[in-house]
Amino acid sequence: MNGWIKIFATRNYPKANIIKGMLEENNIKTIIFNKQDSSYVNFGDIELYVPAHLKEVALSLIEKGFLN
């Protein structure tokens, strides 16, 4: 995934989707990679990636979202 950077990882799929939605509402394209084991969800993460040039904006939005 050249040009994309991981900005968030969690084991909580609904939380990942909420963050993805918030970023996309702010015109930041986001990709979710679900790397969780299909049998044991305690293994692996759900990772969010954004274009590398939008990293700082995305991280700022995530931080503000967690503060509210």
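Just so you know, all these numbers are worked out from the coordinates, no wet-lab data involved. Computed from a prediction, not measured in an experiment: that's the story for all the values here. Here the Cβ positions follow ideal geometry from the backbone for every residue, glycine too, while neighbour counts run over all protein chains shown.
For the residues E47, E24, the requirement of being under 10 Å from the mean Cα position of the chain (by Cα) and either farther than 21 Å from N2 by Cβ or of a type in the set (D, E) (or both) singles out E47.
Exactly one residue out of I31, I46, I19 is in contact with a Lys or Arg (Cβ under 8 Å, 6 or more places away or on another chain) and touching a residue at least 12 places away in the same chain (Cβ under 8 Å): that is I46. Note on region 6-20: among residues that are in a helix (DSSP H, G or I) and of a type in the set (A, V, I, L, M), the one that is farthest from the chain's Cα centre (by Cα) is I18.
Criterion applied to S60, S38 was being of a type in the set (S, T, Y) and in a helix (DSSP H, G or I), and the one residue passing it is S60.
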